[in-house]
Amino acid sequence: MRIVQIPLLRDNYAYLVVCEDTGEAAVVDPSEAEPVLRQVEKEKVTLKAILNTHHHRDHTGGNPGLLARHRLEVYGHRNDRERIPGLTRPLDEGDEIMVGKLTARVLFIPGHTKGHVAYLFGNSLFCGDTLFTAGCGRLFEGTAEQMHGSLNKLMQLPADTLVYCGHEYTEKNLQFAMTLEPNNPKLAEKMKKVRSLRSQGLSTVPSTMAEELETNPFLRWHSGEIQENLKREFPNLPTDPVSVFARVRQLKDQF
Ligand SMILES: [Zn+2]
Ligand SMILES: [Zn+2]
C-alpha cells in the first residue's frame, strides 16, 4: 500500500490510497477534482473509488468533477445518501471495502456530522474531521456523548495506528492544548516538532494514536492537570469523561 497526501484548498488533505499490486487507487475526501486528477496521472494509477468520510463540501466538492472523468464507486455513510454527490455504496459500521487487493474496515464515528465514517486500511486510519492531530471536529450535528463515543472507539485502535486526518490544524490545536495542560512534557515536545515542520512548510499529518493519547486534550479527559484547570474556572464541573470532553470542546469553540 502507498499513501499520497494531497493538500487542497486552504488546509484540507485528500489522500490517494494505492494498491501497489494492481495499480488501483481510491481517493479519500477530494475537496476539489483537478489537483486529484493531476496526482492520479503523476502516480500512474487507476482511480477506482472515492471514499468520503462525511458530507461537508470541503470533503466532497471534487466528487462531480472526478465522476465526470472516471467511472467510480462513491462510498460514504448511509445517513448521507442524499448529501454526498454521486454516492453509490452506502456504508455502516463494520462494513469492509476493497481497493485493488487492499481491504479497509469501516468505522461509524458520528458527532461532527451524523453520517461520519473512518476507513481503516491495516494500521492507517482515515478519520476526516472526527479526530485531528491534537484536536477533534466541532459538534455540528451530533452530541458530546456521540463524539466522545466515537473518539473512544478510535482510542481502542493499536498505538502504532497512523492517523490521517482531514485538515492541517495541528499548530493551533497544540496552542489550545497548552492552555489546559501546560505541564505535559509530551505536549511541549510535540509543539517543538510541529513548529519545526511548519516553518519548513511541511505537513504534520499523519500522527500516531500513541502521540494522540499523550497530547490530544480531547482524548485526555482522565488528565489530572486538565481536570484541575477546568475546575478552577468551573468549580461545579463533574469529572466524568463526557462532561470533561464537552467542556473542553466548548472552550475550543471559543479559542
Ligand atoms: Zn467537516
Ligand atoms: Zn473539513
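Would segment 36-59 turn up any residue that is over 14 Å from the mean Cα position of the chain (by Cα), away from ligand 2 (no atom under 16 Å from the Cβ), among the basic types (K, R) and assigned to a helix (DSSP H, G or I)?
Within segment 36-59 (the criterion being over 14 Å from the mean Cα position of the chain (by Cα), away from ligand 2 (no atom under 16 Å from the Cβ), among the basic types (K, R) and assigned to a helix (DSSP H, G or I)), the answer is yes, since at least one residue qualifies.
Residue by residue through segment 84-102, note down the ones that are buried (at least 17 other Cβ atoms within 10 Å of the Cβ) and without any contact (Cβ under 8 Å) to a residue 40 or more places away in the chain.
Scanning segment 84-102 gives I84, P85, L87, L91, D95.
Which residues, taken from segment 123-144, are assigned to a loop (DSSP other than H, G, I, E, B), within 15 Å of ligand 2 (Cβ to nearest atom) and within 15 Å of L174 (Cβ to Cβ)?
Correct list: T133 only.
Can you pull out every residue in segment 20-49 that is open to solvent by less than 20 Å² (accessible area, probe 1.4 Å), within 16 Å of ligand 1 (Cβ to nearest atom) and not hydroxyl-bearing (S, T, Y)?
V28, D29, P30
Residues S243, S203, S199, S207: which one is open to solvent by 40 Å² or more (accessible area, probe 1.4 Å) and among the hydroxyl-bearing types (S, T, Y)?
When all the criteria are applied, what remains is S199.
Restricting to segment 103-119, and then to whatever is open to solvent by 20 Å² or more (accessible area, probe 1.4 Å) and more than 25 Å from D253 (Cβ to Cβ), can you tell me which residue is farthest from ligand 2 (Cβ to nearest atom)?
Only one residue fits best here, namely T103.
Could you please tell me which pairs satisfy a Cβ distance under 7 Å, a separation of 6+ or placement on different chains, a first residue in segment 153-170 that is in contact (Cβ under 8 Å) with a residue 12 or more places away in the chain and open to solvent by less than 50 Å² (accessible area, probe 1.4 Å), and a second residue that is basic (K, R) and within 16 Å of ligand 1 (Cβ to nearest atom)?
Here the result reads none, with nothing in segment 153-170 linked to a residue that is basic (K, R) and within 16 Å of ligand 1 (Cβ to nearest atom).
The values are calculated or read from the model by the stated rules, or taken from the named source; none is laboratory data. The shown structure was predicted, so the numbers you read here are calculated from the model rather than taken from an experiment. FYI the Cβ positions are ideal-geometry reconstructions off the backbone, even for glycines, and counts take in every protein chain you see. For accessibility, only protein heavy atoms count, side chains too; no ligands or nucleic acids. Shrake-Rupley method; radii C 1.70, N 1.55, O 1.52, S 1.80 Å.
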